[in-house]
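The structure appears right after this line, and notes come after that.
The values are calculated or read from the model by the stated rules, or taken from the named source; none is laboratory data. What you see is a predicted model, and the numbers here were worked out from it, not measured in a lab. Here the Cβ is made from the backbone with ideal geometry for all residues, glycine too, and neighbour counts use every protein chain on show. Just so you know, the surface numbers come from the protein's heavy atoms only, side chains and all, with ligands and any DNA or RNA stripped out. Shrake-Rupley method; radii C 1.70, N 1.55, O 1.52, S 1.80 Å.
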Amino acid sequence: GFQSGDRVTWFVLFQNVSGFFVHPVGLEVLVDHSSLDISQWAVSRVFYNGQYYRDMAQLESAYVQGGISVEKVRKAPWDGDFSSMKPRAPGAALFPVQFEPQGPRYSVRNNQVLFQGWSFAFGMSVSTGLRLFDVRHKGERVAYEISVQEALSVYGSNCPGGMSTRYMDGSFGLGRYTSPLVPGVDCPYLATYVDTHSLSDSLRPKKRKASLCIFEHNLGSPLRRHYSNLQSLYYGGLVNSALVIRSIATVGNYDYVWDFIFYQNGAIEAKVQATGYPSSSFLHGDGLRYGNRLWEHTLGTIHTHFVNYKVDLDVGGVKNSLVAHDMAFEMTRAPWSPEQQIERPRLTKKVLDTEDQAAFRLQSKMPRYIYFAANSKNKWGHQRGYRIQITSSAGDHIPEASSMERAISWARYQLAVTRRKEEEPTSTSIYNQNDPWTPTVAFADFIDNETITSEDLVAWITAGFLHIPHSEDIPNTVTVGNSVGFLLRPYNYYDLDPSIYSHDGVFFTSEQDFTACEINPLACLPKAASCLPNFPPFTYDGFRNM
């Protein structure tokens, strides 16, 4: 539709085969379902191969009279042929697997997780999916809530269904469509798998077995290291082993892999990886203005992905301020040689006092160091802080002149920091999808220039990427390069890097026997990890009760 009260939907027809999302046939129908009497529902417009018709009768008449350009589409086999995800190669040597030589180093009790210095509670919202509460490091709260708010896609096409598509996935249910996980692919085989429950479209909650996983992950690289061959000879390092909590939501054609990652240096990463099938339109006319040709009749349509998070940080207490640090070059005379000039970078500092100052438009320049500052200081006299570092390559936001833009106005901003209010719990609403012209929640209204110094603050973070589907998106899209999110990193929060107290640290000098276990724990691996664990039989409950 185009205004509040409209209840019309374009239905796009595809071949009913595996991976049907990339098998359009060129026929689309607009159904008017505004009446509460379903006998009054009717097709109010028809689209076929670039032409619009009043109804099916007009389409049939034009066909009989030979007035239609008919594009014959080859009938696809049941497995979808090119869209089939069945491997095209036989099995070979098994891929590497991770295991814990002495068992898990984390614990899960109900919805509480403990790992190294970390503790947190997790939950699954039926509409917004995975969320965390009461996140603590070394016993001190870092965040009250970290949660997904919305996943948005805006499509372009020269077909009506494609050009009018604006998916607000929270209304479909990121938690509702959380899918059971396949051990060994979706998560490590020996991860801890947790059942989740949701209540929607029924009077009883539904259980999805093994739809959330928790595991410790050796990233295969050092968190930090140094090899010294100057004066003293030594090696010091720490393996980058982090805890991951993950769920995967399959909403229609797309699969979103949602991760929260906890590092030993006190950093938290929120990350989403997109995979699944691209949405497509029937290729005709000037279709290549809106994407790339993926198969004989398949146009992979250009679209944006935006993901919004709520981050309620409590850094050293509830009352925080927002501070920006960055750099600027300054010209100065060399003190030891005044006739010479030196260009040197210096630190710039600014306290962002109001919500308007703390609202950074999507493509605008934002300070490279921006952090929640506590009222307390560390040993060196700096305000203790947690920095927000966003990883994003977002496309453009829909023009604000659009009649529906206010429903997704959170996507105007890569970062907006507001006062925490009980009446502003979420950046959007599940009702915004079907009536975006009179949105139930308009995030832009949250930003009203209130003072944010020494207040309970919330950061609203938007990350995203532009997707122009290409031939390598067949049979479907890979996660590589399609990952966005943000990091929360301690910034003068501690007096030194807390990971120095990790039991995983390695240090030895040229004068020590680094083959001895008591000197170097890596020397113990041949003995400590000499036996493979007992792998439980493979199970999967994803096809039950479907």
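Could I have the simple spin-label model distance between residue 389 and residue 472, label points 7 Å from Cα toward Cβ, reported in nm to one decimal?
2.6 nm
Which entries of 138/350; 319/350; 271/379; 138/349 show an alpha-carbon separation above 23 angstrom in the structure shown?
Values: 138/350 29 Å; 319/350 18 Å; 271/379 32 Å; 138/349 29 Å.
Pairs exceeding the cut-off: 138/350; 271/379; 138/349.
Determine the relative contact order of the chain: mean sequence separation of Cα pairs under 8 Å and six or more apart, normalised by residue count, in whole percent.
Details: 1238 pairs, mean separation 83.4, N = 546.
Contact order relative to length: 15 percent.
Using just the helices of the chain, give the 222 nm mean residue ellipticity in deg cm²/dmol: DSSP H runs with n ≥ 4 each add -39,500 (n - 2.57), and the total is spread over all residues, rounded to 500.
Working: 4 runs with 21 residues, N = 546.
Rounded to the nearest 500, it is -1000 deg cm²/dmol.
Hey, how many Å between the Cα centroid of segment 131-176 and the Cα centroid of segment 427-462?
The distance from the Cα centre of segment 131-176 to that of segment 427-462 comes to 14 Å.
Compute the length gained on full extension between residue 431 and residue 199: take 0.36 nm times their separation in residues and subtract their Cα-Cα distance, giving the result in nm to one decimal. All intermediate terms of the calculation are to be shown ahead of the outcome.
Working: separation 232, 0.36 × 232 = 83.52 nm, distance 1.71 nm.
The residue 431-residue 199 span can extend by a further 81.8 nm.
Hey, can you rank 509-521, 82-94 by average C-beta count inside 10 Å, highest first? Don't jump to the answer; show the numbers that get you there.
Numbers: 509-521: 12.2, 82-94: 9.2.
Listed from highest to lowest mean packing, they are 509-521, 82-94.
Using 1/(1 + (r/R0)^6) with R0 = 41 angstrom and r between the beta carbons of residue 33 and residue 296, what's the FRET efficiency to the nearest 0.05? List each step's numbers first, then the result.
Values: r = 33 Å, r/R0 = 0.80.
With R0 = 41 Å, the Cβ-Cβ based efficiency is 0.80.
To the nearest 20 Debye, how big is the dipole of segment 307-444 about its Cα centre, given +1 on the beta carbon of each Lys and Arg and -1 on that of each Asp and Glu?
Working: 19 positive and 16 negative charges, 151 e Å.
Value, rounded to 20: 720 debye.
For a quick protection proxy, order the peptides 530-536, 311-317 by their average other-Cβ count within 10 Å, most packed first.
On the way: 530-536: 9.7, 311-317: 22.3.
Per-residue Cβ counts within 10 Å, averaged per peptide and sorted highest first, yield 311-317, 530-536.
Check the chain for me: any Cys whose beta-carbon has no other cysteine beta-carbon within less than 4.7 Å?
Among the cysteines of the chain, those whose Cβ sits 4.7 Å or more from every other are 159, 531.
How large, in percent, is the carbon and sulfur part of the accessible surface of the chain at a probe radius of 1.4 Å?
On the way: 15310 of 28580 Å².
Ligands and nucleic acids excluded, carbon and sulfur reach 54 percent.
With the cut-off at 1.5 for a/c, could you classify the chain from its C-alpha gyration tensor as rounded, prolate or oblate? Walk me through the numbers on the way to the answer.
Details: a/c = 1.95, a/b = 1.47, b/c = 1.33.
It is prolate, given that a/c is not under 1.5 and a/b is the larger ratio.
Residue-wise, which Karplus ³J(HN,Hα) couplings in Hz belong to segment 392-401, taking 6.51 cos²θ - 1.76 cosθ + 1.60, θ = phi - 60°, and x for glycine or proline?
Per residue, the Karplus-derived 3J(HN,Hα) values read 7, 9, 5, x, 7, 7, 4, x, 5, 6 Hz.
What is the magnitude of the charge dipole of the chain about its Cα centre, with +1 placed on the Cβ of each Lys and Arg, -1 on the Cβ of each Asp and Glu, and no other charges, expressed in debye to the nearest 20? If you can, show how the numbers build up before the last one.
Working: 49 positive and 54 negative charges, 165 e Å.
The calculation lands at about 800 debye.
Distance from the Cα centre of segment 76-97 to that of segment 258-310, in angstrom?
Computed from Cα coordinates, the inter-centre distance equals 22 Å.
Ranking request for peptides 221-229, 263-271, 348-356: highest mean number of other beta-carbon atoms within 10 Å first, then the rest in descending order. If you can, show how the numbers build up before the last one.
Details: 221-229: 12.1, 263-271: 21.1, 348-356: 14.7.
My ranking of the peptides, most packed first, is 263-271, 348-356, 221-229.
If I take R0 = 56 Å and measure r between the Cβ atoms of residue 495 and residue 95 in this structure, what FRET efficiency does the formula 1/(1 + (r/R0)^6) give, to the nearest 0.05?
Details: r = 42 Å, r/R0 = 0.75.
The computed FRET efficiency comes out at 0.85.
Using 14 Å as the cut-off for backbone N distance, which residues of segment 202-235 belong to the label zone defined by a point 7 Å from the Cα of residue 519 along Cα→Cβ?
So the set is 233-235.
Whole-Hz Karplus ³J(HN,Hα) for segment 71-87, in order, using 6.51 cos²θ - 1.76 cosθ + 1.60 and θ = phi - 60°, x for Gly and Pro?
9, 6, 10, 5, 5, 7, x, 4, 7, x, 6, 5, 8, 5, 9, 5, x
Among residues other than residue 8 whose Cβ falls under 10 Å from its Cβ, what is the net charge (Lys/Arg +1, Asp/Glu -1)?
On the way: positive: 7, 45; negative: 6, 32.
Value of the local net charge: 0.
Taking a probe of 1.4 Å, how large is the accessible area per residue of segment 1-129, in Å²?
Details: 8680 Å² over 129 residues.
Value for segment 1-129: 67 Å² per residue.
Considering the dipole of segment 8-83 built from charges on the beta carbon (Lys and Arg +1, Asp and Glu -1) around the Cα centre, which of 51, 69, 18 is farthest to its positive end?
69
Determine ³J(HN,Hα), in whole Hz, for all residues of segment 533-539 in sequence, where each value follows from phi through the Karplus function 6.51 cos²θ - 1.76 cosθ + 1.60 and θ = phi - 60°; x replaces Gly and Pro.
x, 7, 7, x, x, 5, 9
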